[in-house]
Amino acid sequence: MGAGTPDPAWPDDYSRAFTLAEAVERRGVGLHSGALARVRLQPSEGPGYRVGWLERPGEPLQRLAPHQVCDTQLCTALALDGGRLATVEHLLAALAGCGVSQAEIWVEGGEIPLLDGSALPWVEAIAEAGLRELGERAPLPVPEEPLLLRQGLSFIALTPCERVRLAAAVEYPQPAIGRQLFSLDLTPASFVREIAPARTFGFREQVEQLRAAGLIQGGALDNALVCDGAAWLNPPLRFVDEPVRHKLLDLLGDLALVGLPRAQVFAYRGSHGLHTALAAALATAASPTRLPLTA
Ligand SMILES: [Zn+2]
């Protein structure tokens, strides 16, 4: 953690509900569109994360949920009334990770700004706004049976647990990354210290292809780590295993679409597709029709 990293009194765990104490705003370029976007985070009285469009303040806020996911190719994009909202995962990871269980997210532009490619600038924004406690947090219902979702060689597994325990493994042929495994008991403090600073990464050979396809127009060497085989084009890394930590950041951000499960979640070669599929499975499990009926 570098100098100037905010270190307010984060909540001890995720047992209490928190919103922001004040509004806070950030601007920046979207990774994929390259367009300037603005985000204002505001306190919310209702649970979950609710999105409004800054250009159309009269329209009702939309609570984020996994069924809105419309694209998971390079980021997690949502189809909302009034337009598409891309690259929500790092902001949602910051909110969920810091213990902010509910907030309004007001957006101008169709993509959340990438900032430095990690969740740290959002953590700083949240620290600037401060947290306001709202009482006990209703736990997200988690199925008693383990959940396992597969996609080719990749899988994601969830088992109930008293804590929020996240693990991820990645395997890449590029020696600069290779095999990495990281797991932690998530708390707001461990999130801010171990996960939030880990930046997005990509591969040199993909960069030109994606640019030619009109994607990652805002991607540059200052907001994504670029791997070139055995080396990084833009060192130094913030952690030796920064890529797998970023995978955990993405996992947390995607799960935040449904809430933070008291569970152990392990993503082996995870992707936004797998993460959001697990969020959708949890949303189904959490729906009232699936809850056990009381006599
Ligand atoms: Zn990411």
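The values are calculated or read from the model by the stated rules, or taken from the named source; none is laboratory data. Keep in mind that what you see is a predicted model, and the values were worked out from it rather than measured. So basically every Cβ, Gly included, is an ideal-geometry build from the backbone, and we count neighbours across all protein chains shown.
Key figures
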| read-out | value |
| --- | --- |
| Single condition residue 126 does not satisfy, out of (1) at pLDDT 95 or above; (2) of a type in the set (A, V, I, L, M, F, W, C); (3) surrounded by fewer than 17 Cβ atoms within 10 Å (Cβ to Cβ) | (3) |
| Failed condition for residue 181, given (1) in contact (Cβ under 8 Å) with a residue 40 or more places away in the chain; (2) in a loop (DSSP other than H, G, I, E, B) | (2) |
| Residue count for the range 85-141, restricted to those that are within 16 Å of the ligand (Cβ to nearest atom) and in a loop (DSSP other than H, G, I, E, B) | 10 |
| Set 81, 71: member being within 16 Å of the ligand (Cβ to nearest atom), free of Cβ contacts under 8 Å to residues at least 24 places away in the same chain, touching a strand residue (DSSP E or B) at 6+ places or on another chain (Cβ under 8 Å) and not aromatic (Phe, Trp, Tyr) | 71 |
| Where a residue in the range 226-252 is without any contact (Cβ under 8 Å) to a residue 60 or more places away in the chain and of a type in the set (Val, Ile, Thr) and its partner, wherever it lies, is within 16 Å of the ligand (Cβ to nearest atom) and assigned to a strand (DSSP E or B), with Cβ under 6 Å and at least six apart | 226/202 |
| Subset tally (residues that are assigned to a loop (DSSP other than H, G, I, E, B), of a type in the set (Gly, Ala, Ser) and surrounded by fewer than 24 Cβ atoms within 10 Å (Cβ to Cβ)) for the range 227-258 | 2 |
| Any hit, the range 230-248, residues being basic (Lys, Arg) and at pLDDT below 95 | no |
| Checklist (1) within 16 Å of the ligand (Cβ to nearest atom); (2) buried (at least 19 other Cβ atoms within 10 Å of the Cβ); (3) at pLDDT 95 or above applied to residue 264, failing item | (1) |
